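Reading through the structure tokens given below for one structure.
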Amino acid sequence: MKVLRSTIWASIVSALLGLSDAATATAAPPPLDSAKAAAAERRVAEPATADTTRLRLLRALSRHYYTSNAASSKRYAEQGLRLARRLNQPDIAAALLFTLSSQANQVSNDAAAISYNKQLIELSPRLSDKVQWRVSEAYKGLAGVELNRADYPAARRYYQLATEWSERYPAPHDTIPGSSRAWAGIGMLDYYAAQMQNGNTTDSILRGVERYARRALAFDLAHPKKRRYTLPHAYMSLANVSSKRGHLDSAVARYSLAIREHQTLDDVMGEATARGFLADVLLRKGQTAADTAEAEKAVGLNTQAGAPVAEVYVTWASALAAAGQYPQAYQIARRAKVVSDSITLATGAEEVARLRVQLDTELKDSRIKTLTTQRRLQEEQAHRQQQRLWALAGILLAVVLGLGVAAFLALRLRRSRAQLAAQNEQLAAQRDTLAVQRDELTQARATQDRLYALIAHDLRSPVVAFAGLADLLNRYVTKGDTARLAGLGDRIRQAAQNLRELLDNLLNWAVSQRGELVARPRPVRATELLAGIAALYQNAALAADISLTTDAEGEGGATAPELLVQADPDMTRTILRNLAGNALKATPAGGRVALHVHRQTDGFVQLRVTDSGTGLTAEHLARLNGAAPAMRVAGRDSGAGLGLLLSRSFAEAQGGTLVLRAGASGSTEATLTLPMAA
């Protein structure tokens with residue numbers, strides 16, 4: 001068999017799919033049964049039938065007879081095409097051209113197929129967007145012609161054009177997920193099948209046919225509610241592969257499946273083609289009786305459809321000759337030659353070649369015309385832009401002349417404005433200076449008021465303590481209570497110590513506010529700083545029944561006794577004294593105060609003071625860690641006042657930070673972060 005039968009399948013599948021859509025601008029009429037078809041033929045013949053109704057009926061009749069009577073389908077399609085052109089209905093004309101081109105492909109009438117597809121492509125500028133997808137089918141039809149002629153590069157070029165067009169205008173049946181890929185696979189199936197039928201039976205070609213046939217088969221079986229026009233096509237392709245590989249039993253089974261599907265679809269032409277292939281395989285198996293029967297059925301179906309195929313007659317004649325019926329074989333062979341000669345006369349090679357050249361030339365001319373039109377539009381646009389530029393230049397010239405006239409008048413005004421601006425700048429500078437001074441004075445007064453309030457509050461506590469101790473001293477002397485009188489010494493010493501610390505803080509604060517206190521950092525052992533603070537407050541902690549401990553950690557928790565910080569020792573000790581003193585005062589008896597050293601990975605060292613006191617609320621911590629912390633927090637009898645302000649100032653002077661945060665059990669944790677010594 002020639003490549004004819006493969007291209008017939010491509011045209012049948014595409015035409016049926018195209019005729020079944022109802023989503024175009026002028027929707028396709030519903031399918032007709034035999035009774036309705038007869039009634040439609042009578043109405044078409046009546047002169048009183050309106051042209052629009054006649055056009056709709058002609059389209060429906062062409063569709064109805066497409067697979068059962070090719071001659072009638074062609075006749076009604078040609079009548080409908082002439083009427084659609086007269087009524088200026090390009091969308092319907094495109095559908096009818098599509099039908100005619102598919103019929104021409106069925107009987108291998110290449111000249112007619114090229115002509116109809118060319119007319120459809122030329123009609124594309126007048127088509128609505130809903131039917132532009134038919135142009136891609138026209139390119140596929142041209143690819144089928146080239147496959148029939150074994151011109152595979154040309155076929156691939158037309159398939160590429162069809163793919164590009166379908167990406168811009170997808171067909172209605174491409175709305176099903178995966179359908180675009182499936183219909184593209186049908187084109188590739190025809191491409192490989194044509195080469196196989198033309199004698200190229202290499203393993204790569206056969207595997208290509210199998211791959212795309214199975215893909216189309218899987219898609220159709222996954223959508224059982226859709227009319228499966230590709231299903232018999234896939235069975236036929238797989239059967240052809242089995243035949244080429246010599247698997248004749250498998251080929252017979254698959255051809256039988258294809259025949260059954262064609263009968264289900266009432267597809268006479270498809271059934272005839274499948275039976276012709278089946279007859280070939282039966283002849284190869286030596287089953288001459290079955291071969292003759294299938295070939296005779298194929299001829300009968302082709303005759304019924306009005307589209308005789310010469311290869312089927314050849315198969316029938318071969319079967320009769322194999323059965324020894326030579327006179328009958330001779331008569332059938334003569335009929336095959338008559339059919340072949342009629343097709344050859346209808347598709348003269350010179351005419352086909354001429355049409356191919358004409359089509360290629362027109363496509364190139366259309367491209368050149370499009371580019372020429374674009375160039376002309378660009379030139380017109382450039383000319384309009386040039387005119388606008390000249391007009392703009394004239395306007396600018398007039399503006400320049402007007403500005404020149406106004407320049408002299410504006411010169412004196414500019415000088416006056418310059419003098420006024422200079423005076424305004426001087427006044428503005430003075431206002432800015434006064435504003436800065438006012439802000440500094442306001443800030444200084446606010447700081448002074450806070451300092452006075454702090455001094456008054458913090459001095460009141462030790463004074464009250466000394467007054468209370470004096471009263472106790474008089475009372476114990478009067479009563480002669482020597483035991484309690486002896487214990488007053490430690491309490492007087494503690495009150496004096498608190499007063500001394502307060503005075504030290506006040507002195508340091510005053511010095512820092514005058515800018516006379518400058519940090520002089522140097523490498524210092526962190527453990528020595530903590531050890532000194534622990535030794536200073538150890539007695540006070542023992543007297544208050546508080547545990548005071550120290551520890552040092554390096555990376556990963558390892559002990560780091562030699563860990564050095566870049567710090568001013570005096571400032572750092574002042575900070576740690578304030579933090580440790582506040583922690584001891586906030587911790588009840590039986591509690592714990594811990595001094596920690598921890599090395600960070602970013603080149604800094606943390607000196608932490610934690611206590612087991614009642615802690616501070618989140619609101620208090622936010623106020624103390626703010627840009628301007630409160631002098632004192634409610635709920636603390638001392639600390640968190642001037643000492644915190646002084647400590648933070650000392651930390652920042654050394655390039656470090658001081659942060660208060662809540663501990664794990666509700667206590668308070670103060671963290672001093674200083675740079676690590678190199």
Inset, instruction - Working only within the stretch 556-595, note down all residues that are open to solvent by 30 Å² or more (accessible area, probe 1.4 Å), modelled with pLDDT of 90 or more and under 57 Å from the mean Cα position of the chain (by Cα). - result: L564, Q566
Inset, instruction - Could you tell me whether E553 is at pLDDT below 85 and touching a strand residue (DSSP E or B) at 6+ places or on another chain (Cβ under 7 Å)? - result: yes
Inset, instruction - For T610, state whether it is touching a helix residue (DSSP H, G or I) at 6+ places or on another chain (Cβ under 8 Å), farther than 14 Å from S667 by Cβ, of a type in the set (S, T, N, Q) and at pLDDT 85 or above. - result: no
Inset, instruction - State all residues of the stretch 136-155 that are hydrophobic (A, V, I, L, M, F, W, C), at pLDDT 80 or above and surrounded by fewer than 24 Cβ atoms within 10 Å (Cβ to Cβ); if no residue qualifies, say none. - result: A154
Inset, instruction - List the number of the failed condition for P153; all other conditions in (1) touching a helix residue (DSSP H, G or I) at 6+ places or on another chain (Cβ under 6 Å); (2) in a helix (DSSP H, G or I) hold. - result: (1)
Inset, instruction - Considering only the stretch 164-204, state which residues are buried (at least 20 other Cβ atoms within 10 Å of the Cβ), modelled with pLDDT of 65 or more and among the hydrophobic types (A, V, I, L, M, F, W, C). - result: W165, A171, I186, L189, A193, A194, M196
Inset, instruction - Please enumerate the residues belonging to the stretch 35-64 that are closer than 21 Å to D266 by Cα, in contact (Cβ under 8 Å) with a residue 12 or more places away in the chain and open to solvent by less than 40 Å² (accessible area, probe 1.4 Å). - result: A37, A40, L57, L58, R59, A60, L61, S62
Inset, instruction - Kindly provide the set of residues from the stretch 66-103 that are open to solvent by less than 40 Å² (accessible area, probe 1.4 Å) and either among the aromatic types (F, W, Y) or free of Cβ contacts under 8 Å to residues at least 24 places away in the same chain (or both), ordered by number. - result: Y66, Y76, L81, F98
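Okay, residues lined up against (1) assigned to a strand (DSSP E or B); (2) among the small types (G, A, S); (3) under 20 Å from R525 (Cβ atoms); (4) modelled with pLDDT under 75:
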| residue | (1), (2), (3), (4) |
| --- | --- |
| P629 | no, no, no, yes |
| R632 | no, no, no, yes |
| S638 | no, yes, no, yes |
| L644 | no, no, no, no |
| A651 | no, yes, yes, no |
| V659 | yes, no, no, no |
| A670 | yes, yes, no, no |
| P675 | yes, no, yes, no |
Legend entry - Test: residue in the stretch 589-600 that is in a helix (DSSP H, G or I) and out of contact with any Cys (no Cβ under 6 Å at 6 or more places or on another chain): no
Inset, instruction - Go through (1) touching a Pro at 6+ places or on another chain (Cβ under 7 Å); (2) at pLDDT 90 or above one by one and return the number of the condition L97 breaks. - result: (1)
Legend entry - Criterion (out of contact with any Ser or Thr (no Cβ under 8 Å at 6 or more places or on another chain), at pLDDT 55 or above and closer than 30 Å to A155 by Cβ) met by exactly one of R42, R59: R59
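The values are calculated or read from the model by the stated rules, or taken from the named source; none is laboratory data. For clarity, every value in this text was computed on a predicted model and none was experimentally measured. With ideal geometry, Cβ positions are generated from the backbone for all residues, glycine too; neighbour counts draw on all protein chains shown. Calculation scope for accessible area: heavy atoms of the full protein, side chains included, ligands and nucleic acids excluded. Shrake-Rupley method; radii C 1.70, N 1.55, O 1.52, S 1.80 Å.
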